[in-house]
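*Asks:* Supplied in structure tokens, the structure appears directly below.
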Amino acid sequence: MEKTEKKNRESVLEKINFPADIRKLDPASLNGLAEEIREMIIDTVSKRGGHLASSLGTVELTLAIHYVFDTPRDKLVWDVGHQAYAHKIITGRKDRFPTLRRKSGISGFPKRSESPYDVFDVGHSGTSISAASGIAEARSLEGKDYKIIVVIGDGSMSAGMAFEGLNWAGDRNKDLIIILNDNELSISPNVGAMSSYLNRIMTGHAVTKLKSEVKGFLKSIPAIGEQMLRFTKQVEESLKALVVPGALFEDLGFTYVGPLEGHRMDNLIKNLQNVKELQGPVLVHVITQKGKGYHFSENDPLRFHGIAPFHIETGEIVSRNRPSSALTYTRVFSRTIVNLARANARIVAVTAAMCEGTGLDEFSREFSERFYDVGIAEQHAVTFAAGLATENFIPVVAIYSTFLQRAYDQIIHDVCLQNLHVVFALDRGGLVGEDGPTHHGIFDYSFLRALPNIIVMAPKDENEFQHMLKTAILCDGPVSVRYPRGYGVGVSLDDIPSPLEIGKGEVLAEGTDLTIIAIGSTVSPALSAALKLREEGISACVINARFVKPLDEKLLCDAAASTRRVITVEENTLMGGFGSAVLELFEGKKMQGITVKRLGIRDEFPEHASQRELRSMYGIDTEGIISAAIAIMNHGR
């Protein structure tokens, strides 16, 4: 019956291509439009994967903003951007929305090259207020008068950069509207003082509602009601500074509005129209439900934050082909670090709002007193870990490679300079796929190997991974273990992990014609390539380097001297990466007459596509390595 009603219902969305079309509607029609947009988001994400719960929670808010403000003349800046699917649908990309996160399709995040409605490229949290502050200054310098609206999630408010932006914007006193989308969740449940403060505001909102009801009751009392009401007003004024919602934001220089119900379209529109007339910095506090409109995501917003393709009827993930025995690298990390922590009480775990994403949820349950989620605050996470290390604890900092970039100075100054034993477990190293350029972890080999004191490792498979984690725990100084997104190759796991010799690689296949030196996720395709090359009469030696730093100098130099032809393979940018380290080694050893071909990521930001498509594009899969090997064999002929 429900499906028949939807089929017969006149579509509002069909008539909407740009925000100007929305402004022609009466506000009542926007509720039906919101429902249609949710259906499109659910349908597309069920097929493509993506950030479902966040975008479902902001549909009404998105429509209200575009209804009230004259976008794109008025500038709308999103934070992170994984909540902007409705925004994409109504800003000229409705017909292309089914291509979401696919090669040559639209990005899962706002992207300036995609649309004039996308004001700033985003993907990492906490950037919006600073970016909008810069736009506000540009507006003043040019003498223009458009509005600037920021949408930032409550989780992003834990990022230090967001506080820096608030500090600046409040002091500059420029017209700026910051909408705080409060759903009490970032990815993992929010932590920290800001989250607690927002919860107190919610409590204050409930008190305000109760106070209004009490006032109504007092007024109804004959004779003495008005006198009692005057008395309560005097008490209220004397206590106002203690209970006023949003006092923190007011003290920072913002006019605070809210909290507002984020799914009441009429209420949102009315309040935003009022806010539009205000001068100076304004913070609008909006309460939304993450996953709104799809009961599976409402009940489990963490799992549906970033979700693979799923069955709409059941909410279950669509099964994908993979080795039957394979575990994800994240799962192997989870199991291994828990086992290591059982044997060593000095091991502690630190993450930045990614407890489930990094696989530390099991650790947090078993060792709650040794687990620390610092919120979206990677800089704090690293220096916090450094402090733990000074007291002889062994902090394991589990952060996605792309997010560790946010704490680079802390790695240098607070960890490596002091040679502290901090273990960096870098999940999602390499090409992550459909999340695209803001999330690819393709720079860590380069930015870490340049630092004194640090050891940089990457495993060839999930079994070697657990051995590397054991090795990292036993090291004396900073150490990084980088591993890819997704499943391992399906090898069995040894019962007990054993430490590896630092800086020692291994020969996986003997060969006399050329040497393939691979690291991490590229070792398996290198081995496959060597087998196929043998069928072509080419004998390839394959080395699993294991370490980006320190290199196994003798092994690599001896192999290069023997075959005179070398291919390096890495899932990292070529600039300053693993291949560069090998070249530097050969130059330092004054090796002559060796032909070297480096395979890796070119000097560019890879776009979004599947991991398989991207690895093929950059020639770091089996076929790409074979092509490079044939080319190097033909070199000089």
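Since every read-out is calculated from the coordinates, none of them should be taken as a lab result. In this text, all values refer to a predicted model and were calculated from it rather than measured experimentally. Note that we place each Cβ from the backbone using ideal geometry, even for glycine, and neighbour counts take in every protein chain shown.
*Asks:* Over all directions, how big on average is the projection of the convex hull of the alpha-carbon atoms in region 430-551, in square nanometres?
*Replies:* Spelled out: convex hull of the Cα atoms, projected over all directions, averaged, 8.9 nm².
*Asks:* Distances over 19 Å make up what percent of all Cα-Cα pairs in region 507-634?
*Replies:* Summing the P(r) tail past 19 Å for region 507-634 gives 42 percent.
*Asks:* If you build the convex hull over the alpha carbons only and average its shadow over all orientations, what do you get for the chain? Give it in nm² to one decimal.
*Replies:* Average of the hull's projected areas for the chain equals 35.0 nm².
*Asks:* Still on this structure, please answer the following. Give, as a single signed number, the net charge of other residues whose beta carbon lies under 10 Å from the beta carbon of LEU448, with Lys and Arg counted +1 and Asp and Glu -1.
*Replies:* Its environment carries a net charge of +2.
*Asks:* If amide H atoms are built 1.01 Å from N in the plane of the peptide, which residues on other chains or at least 5 residues away come under 5 Å of the amide H of ARG546?
*Replies:* GLY520
*Asks:* Bin width 5 Å, alpha-carbon pairs only: give the P(r) of region 75-114 as whole percents, running from 0 to the bin holding the largest distance.
*Replies:* Computed distribution, short to long bins: 6, 25, 38, 23, 8, 1.
*Asks:* Mind jotting down the distance between the C-alpha centroids of region 375-436 and region 568-637, whole Å?
*Replies:* Each part's Cα centre sits 27 Å from the other's.
*Asks:* Output ³J(HN,Hα) for region 444-449: one whole-Hz value per residue in order, computed from phi by the Karplus curve 6.51 cos²θ - 1.76 cosθ + 1.60 with θ = phi - 60°, and x for Gly and Pro.
*Replies:* 5, 4, 5, 7, 8, 5
*Asks:* My understanding is that a pair violates if its Cα-Cα distance is over 32 Å; which of LYS111/LYS290; LYS47/LYS290; LYS15/LYS111; LYS103/LYS147 do that in this structure?
*Replies:* LYS103/LYS147
*Asks:* Over the Cα atoms of region 329-482, what radius of gyration and what Dmax do you get, in Å?
*Replies:* 13.8, 41
*Asks:* A further question follows. What number comes out for the charge environment of GLY81, summing +1 per Lys or Arg and -1 per Asp or Glu over other residues with Cβ under 9 Å away?
*Replies:* Residues close to GLY81 contribute a combined charge of -2.
*Asks:* Sort SER29, SER104, SER334, SER128 so the one with the fewest other Cβ atoms within 10 Å of its own Cβ comes first.
*Replies:* SER104, SER29, SER334, SER128
*Asks:* In addition: Rounded to the nearest Å, what's the spacing between the alpha carbon centres of region 26-92 and region 512-554? Just the number, please.
*Replies:* 48
*Asks:* Express the C-alpha Rg of region 15-124 as a ratio against the empirical globular expectation 2.2 N^0.38 Å, rounded to two decimals.
*Replies:* Numbers: Rg = 12.8 Å, N = 110, 2.2 N^0.38 = 13.1 Å.
It is 0.97.
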